[in-house]
1. Taking into account only those residues within segment 94-114 that are surrounded by 16 or more Cβ atoms within 10 Å (Cβ to Cβ) and touching a residue at least 60 places away in the same chain (Cβ under 8 Å), which is farthest from A57 (Cα to Cα)?
2. Name, by its number, the condition in (1) modelled with pLDDT of 95 or more; (2) more than 22 Å from W21 (Cα to Cα) that does not hold for G113.
3. Taking segment 9-38 as the region of interest, how many residues are of a type in the set (A, V, I, L, M, F, W, C) and touching a Lys or Arg at 6+ places or on another chain (Cβ under 8 Å)?
4. Please specify each residue of segment 1-17 satisfying the condition of being in a loop (DSSP other than H, G, I, E, B) and free of Cβ contacts under 8 Å to residues at least 60 places away in the same chain.
5. Please pick out the residue among A65, A53 that is touching a residue at least 24 places away in the same chain (Cβ under 8 Å), closer than 17 Å to H18 by Cα and surrounded by fewer than 13 Cβ atoms within 10 Å (Cβ to Cβ).
6. Would you confirm whether or not segment 11-29 contains a residue that is under 14 Å from the mean Cα position of the chain (by Cα), polar (S, T, N, Q) and either at pLDDT 95 or above or within 19 Å of I100 (Cβ to Cβ) (or both)?
7. Residues that are under 17 Å from F7 (Cβ atoms) and β-branched (V, I, T): find the strands (runs of 3 or more DSSP E) completely inside segment 18-106 holding 2 or more of those.
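The values are calculated or read from the model by the stated rules, or taken from the named source; none is laboratory data. Not measured: the values here are computed from a predicted model. Don't worry about glycine lacking a Cβ; one is built from the backbone with ideal geometry, like all the others, and counts go over all protein chains shown.
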Amino acid sequence: MNDSCRFCNRSDERSVIHNDWAQAWYDRHPVSEGHMLIVPRRHFADYFECTPAEREALWTMVADAKAHLDEAHSPDGYNVGVNVGRAAGQSVMHLHIHLIPRYTGDVENPQGGVRSVIPAKQRYTLLEGSG
């Protein structure tokens, strides 16, 4: 726990879902209706510092949060993302996974999805036989 971390200092009362390893709550600045953050209880910034048990618990929480959002908001799709480091856009230095519900028509062209973190690389054409 880090006394100056705003994620460490949130109580379980704000959690929509929680377990011994992590909490999930609605993002204060949502990208879309239902945008959730999945946050480990232990304070660390980098996803790659997760223990195997934490990683398993976080991804279980992502699945549980998705089930909650399916029922509460009925989205048409999801983006799942983790920012690791300031260069990647991480602004709160406590690991968190974004679970962002997507809705048909919420953007003009969703092609590229998470690739839009670098706008010039968002649009692409698949070549026959490529992935």
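1. For segment 94-114, the residue satisfying everything is R102.
2. Here G113 meets the rest and fails (1).
3. Of the residues in segment 9-38, the ones of a type in the set (A, V, I, L, M, F, W, C) are 16-17, 21-22, 24-25, 31, 36-38.
If we keep only those that are touching a Lys or Arg at 6+ places or on another chain (Cβ under 8 Å) too, we end up with 21-22, 25.
Going through segment 9-38 one residue at a time, the tally reaches 3.
4. Result: M1, D3, S4, N9, R10, S11, S15, V16.
5. Details: A65 fails: surrounded by fewer than 13 Cβ atoms within 10 Å (Cβ to Cβ).
Being touching a residue at least 24 places away in the same chain (Cβ under 8 Å), closer than 17 Å to H18 by Cα and surrounded by fewer than 13 Cβ atoms within 10 Å (Cβ to Cβ) holds for just one of A65, A53, which is A53.
6. Within segment 11-29 (the criterion being under 14 Å from the mean Cα position of the chain (by Cα), polar (S, T, N, Q) and either at pLDDT 95 or above or within 19 Å of I100 (Cβ to Cβ) (or both)), the answer is yes, since at least one residue qualifies.
7. Values: elements: 22-26, 36-40, 77-81, 97-102.
Output list reads 36-40.
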